[in-house]
Amino acid sequence: MPILEIARLGHPGLRQRAAPVDELSNGLVTDLVADMQDTLINAGGIGLAAPQVGVPLRVVLFHVPPQRANGQRIEMTVLINPEIEPLGDTVTVEWEGCLSIPGLRGQVPRYERIGYRGLNPAGVLVEREASGLHARVVQHEVDHLNGVLYLERMKDCLSLSFEDQLHHVRALEEERSAP
Ligand code: NI
């Protein structure tokens, strides 16, 4: 399976609203999803949206490896035409990155708990509740379908940091929170 090129910040395709998938039976989405999955694993990410690989359709996939989320594991999941709704008002701020913005991390507020639904490539409805990193990655990927990047969700753009500099930021945070 080919590894697809991931669009990077500045590419206009990242700022467009993607169109719903209205035809699953022709196999095009199955092929797209297979290539996206290989691309995601190759890039070492946890989520990818079709617009990031130049396809303006409402298709996302994600997984949560247990080492990233305190033992919580979510197998690779494909959502076609996904919808999400917040469950409760709790918003948490955590570091987030994006394969389209390589090397950078920012502190992004997201709903702690959401419900989501969408179709899998076989056309079967997938409906779940999610919290923590699982809820975060789904919100991040669905944002991509609406042309929204995490940068514009950030409340304080000064937290934007290169990944290899995060240890400085964390040391400062610890200093500030010390009694
Ligand atoms: Ni992203």
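The values are calculated or read from the model by the stated rules, or taken from the named source; none is laboratory data. Predicted, not measured: the structure shown is a model, and the values here were computed from it. Positions of Cβ are generated from backbone atoms using ideal geometry, with glycine treated the same way; all protein chains shown enter the neighbour counts. Protein only, heavy atoms only, side chains kept; ligands, DNA and RNA dropped before computing areas. Shrake-Rupley method; radii C 1.70, N 1.55, O 1.52, S 1.80 Å.
Data overview
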| item | result |
| --- | --- |
| Failed criterion for Leu160 (all others in (1) farther than 28 Å from Leu32 by Cα; (2) open to solvent by 80 Å² or more (accessible area, probe 1.4 Å); (3) out of contact with any Lys or Arg (no Cβ under 6 Å at 6 or more places or on another chain); (4) in contact (Cβ under 8 Å) with a residue 24 or more places away in the chain hold) | (2) |
| Any hit, region 52-61, residues being part of a strand (DSSP E or B), more than 14 Å from the ligand (Cβ to nearest atom) and open to solvent by 20 Å² or more (accessible area, probe 1.4 Å) | yes |
| Of all residues making up region 18-51, the number that are open to solvent by 50 Å² or more (accessible area, probe 1.4 Å), more than 16 Å from the ligand (Cβ to nearest atom) and outside any helix (DSSP H, G or I) | 5 |
| Failed criterion for Leu151 (all others in (1) open to solvent by 10 Å² or more (accessible area, probe 1.4 Å); (2) in contact with a Leu (Cβ under 7 Å, 6 or more places away or on another chain) hold) | (2) |
| Condition met for Arg58 (touching a strand residue (DSSP E or B) at 6+ places or on another chain (Cβ under 8 Å), free of Cβ contacts under 8 Å to residues at least 24 places away in the same chain, closer than 20 Å to Ala130 by Cβ and of a type outside the set (S, T, N, Q)) | no |
| Condition check for Leu9: of a type in the set (A, V, I, L, M) and either touching a strand residue (DSSP E or B) at 6+ places or on another chain (Cβ under 8 Å) or within 27 Å of Gly132 (Cα to Cα) (or both) | yes |
| Cβ-Cβ under 6 Å pairs, at least 6 apart or on other chains, region 104-131 side more than 30 Å from Asp164 (Cα to Cα) and in contact (Cβ under 8 Å) with a residue 60 or more places away in the chain, far side outside any strand (DSSP E or B) and open to solvent by less than 80 Å² (accessible area, probe 1.4 Å) | Pro121/Val29; Pro121/Thr30; Pro121/Val33; Gly123/Leu24 |
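Yes or no, residue by residue, for (1) out of contact with any helix residue (DSSP H, G or I) (no Cβ under 6 Å at 6 or more places or on another chain); (2) in a loop (DSSP other than H, G, I, E, B); (3) over 23 Å from Val21 (Cβ atoms); (4) not β-branched (Val, Ile, Thr):
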position	(1), (2), (3), (4)
Thr92	yes, no, yes, no
Tyr116	no, no, no, yes
Arg128	yes, no, no, yes
Val142	yes, no, no, no
Gly147	no, yes, no, yes
